[in-house]
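Rule-based calculations on the coordinates, nothing more; no lab input. Predicted model, so just to flag it, every value in this text is computed and none were measured. Please note: Cβ atoms are built from the backbone with ideal geometry, for glycine as well, and neighbour counts cover all protein chains shown.
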Amino acid sequence: MNGLTPDERRERLEALAPDLLAELEAEDEEDERTLPDLPNADGYDEIRMRAAPNPNGPWHLGHGRMPAVIGTYKELYDGWMLCRFDDTDPETKRPDLDAYDAILEDVEYLGFEPDEVVRASDRLETYYDHARELIGMGGAYTCSCSGEAFSELKNAGKPCPHRDKDPETTLREFEAMVDGEYGAGEMVLRVRTDIEHKNPALRDWVAFRVVDTPHPREEAAAYRCWPMLDFQSGIDDHLTGITHIIRGIDLQDSAKRQRFVYDYFGWEYPEVLHWGKIQVDEYDVKLSTSTIARLIEEGELDGWDDPRAPTLASVRRRGIRGAAVTDAMVDLGLSTSDVDLAMSSVYANNRELVDDEANRYFLVRDGVEKAVVGGPEAGEPPLHPDHEERGRRRIPVGGAVRVEAEDVPPNGKRVWLKGFGCVRHTRDAFEYAGDDIDAVREEGVDVIHWVPADGAVPVTMRTPDGDVTGRAEPDFAETEVDEVVQFERVGFARVDAHGEDGSVVYFAHR
RNA sequence: GCUCCGGUAGUGUAGUCCGGCCAAUCAUAUUGCCCUCUCGAGGCAAUGACCGGGGUUCAAAUCCCCGCCGGAGCACCA
């Protein structure tokens, strides 16, 4: 039984005990679900969720959790997913025009496709209309207090002088905000909540403010009066029929704030779930859009897909499948406490996905040259140990080979050049010592990888720990760009480019 | 200062709502062995956790209280 592949075992089991098999598979399904059931899922005809990124830069690894979890729920419940760009801050978190598409590509990379994509900056008139309505109901007032002055009053639970302004005045002043008659900081629109609410975070929060800096999107560049996240997102969630919101604990109070608006409108608030902060091990670079952007700016990193950058673009370039990232994210579950994502779990997922298809090649990092005396003209290791049918590579020896320095055996000792045969290290050369595999099986001779001294392909391997140079066997030149290969005893890598003076690969993991 | 959350092995997670079948699940990690012409894959095994203290109970990871630790909000950021 041990010699069988999983598929063969499955067949055998199906023949012998179909009931048992069904039971096992049911358990498997069960095990894969680390995500908790969505609250009150039965209360809705369709589960509708949204990923609401701020397109102020390309995504780092942590952002992947949003589409991974939301997309997985969408699949689990056969639901609907919106990607809404919450790009309502043209200044502090200024949108990056390239990020919109980059983010959508990342979502696709992770294995999901939004059913609809919208940009908040296209929807300003909608927010204005709702603001007018809210003002009409007495739910908001324009306020010209300075941030500090208001904060002081608010913390004391005291209303500011503008709080009892009548709706007509408020509406007039709000229209003036919209018409650009105020400069930044001169006037805001506040939601009238409960100025004595025991949680100071909920008291009369700002719904709209004036921003002098034009929005980078041409379509939105004329607007000066911008909604704050809690207003915009609250309105949009209702208007797009969102049933379940999943967001970070940094937005823990958002629902509580937005409920005041929902109450004014008589709307039902969606179900809300939160997750905590995510950190990723194995990187020197902080998981932060601004930090990564700065390092790129300073030239410390080559770009968002630099292998040292903890970004989705980077792991993608390294040949890591989106599904490996998605699965690792889903395995983190929905915990409101901080979590550390171990990259090793992403790697383990990915290894499982690519091992079977990745053909094997030799890459010798730097290394030393040794003349080879005797033996065949070439070594012929298989392209894949589990797939003889894929054929073999041909590695001509040409009189000398290059091996990694630490693989050179002590003088007089033997080593097995994989796919070629056994050699003995004598007087600074490798002397052919036969092709009896018992040397490896019975006598404990180590098997190592090697390349010919002449005709090997120079390779730059970019890794999260910096660049590594080496030489790959001649056949490596035949690989396709984008192909994921395994350099035996080194690790998996994605072929990035084949050039005149060599190839570039991106290292994935061992 | 005010207001919310949360704390199970190195990491993540199941179990907590409805106490017992939990001397605590699974994955990853690490180590060892088997297998293999790779340090990959596969197989086997080992390592390793209920934040602390009280209480309730025949019985507590699970319920209650008090601590401790960690996180978040109180922005004209998202």
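Here are a few things to note about the model shown:
- Sparsely packed GluC sites (Glu not before Pro) within region A:53-142, loop by DSSP, other Cβ within 10 Å at most 14: A:91
- Rounded to the nearest 20 debye, the dipole size of chain A about its Cα centre is 1520 debye, using +1 on the Cβ of Lys and Arg and -1 on the Cβ of Asp and Glu.
- Against chain A, whose longest principal axis is taken from its Cα atoms, helix A:254-265 shows a tilt of about 40°.
- The charge dipole of region A:399-466, taken about its Cα centre with unit charges on the Cβ atoms of Lys, Arg (+1), Asp and Glu (-1) only, comes to about 160 debye.
- Taking all Cα pairs closer than 8 Å and separated by 6 or more residues, the relative contact order of region A:167-269 comes to 22 percent.
- In order along region A:467-482, the Karplus-derived 3J(HN,Hα) couplings, from 6.51 cos²θ - 1.76 cosθ + 1.60 at θ = phi - 60°, round to 7, 10, 10, x, 10, 10, 4, x, 4, 4, 4, 7, 5, 8, 4, 5 Hz, and Gly and Pro are given as x.
- Relative to the dominant Cα principal axis of chain A, helix A:65-77 is inclined by about 90°.
- Projected label points at residue A:166 and residue A:98, each 7 Å from Cα along the beta carbon direction, are separated by 5.5 nanometres.
- Residue pairs, from the table A:74/A:286; A:165/A:198; A:93/A:165; A:256/A:277; A:370/A:413, whose Cα atoms sit over 22 Å apart: A:74/A:286; A:165/A:198; A:93/A:165
- Cα gyration tensor, chain A - rounded (a/c under 1.5), prolate or oblate: prolate
- Its Cα centre serving as origin, region A:359-509 has a Cβ charge dipole (Lys and Arg +1, Asp and Glu -1) of approximately 300 debye.
- Relative to the dominant Cα principal axis of chain A, helix A:6-16 is inclined by about 90°.
- Restricting attention to region A:359-509, close to 75% of DSSP beta bridges with both partner residues there are antiparallel.
- Total formal charge among the other residues, if their Cβ is under 10 angstrom from that of residue A:371, Lys/Arg +1 and Asp/Glu -1: -1
- Estimated 222 nm signal from helices in chain A, with DSSP H stretches of n ≥ 4 weighted -39500 (n - 2.57), rounded to 500: -8500 deg cm²/dmol
- Relative contact order of region A:56-186: 23 percent, from C-alpha pairs under 8 Å at least 6 residues apart in sequence.
- Burial order of peptide ranges A:37-50, A:248-261 (average beta-carbon count within 10 Å, highest first): A:248-261, A:37-50
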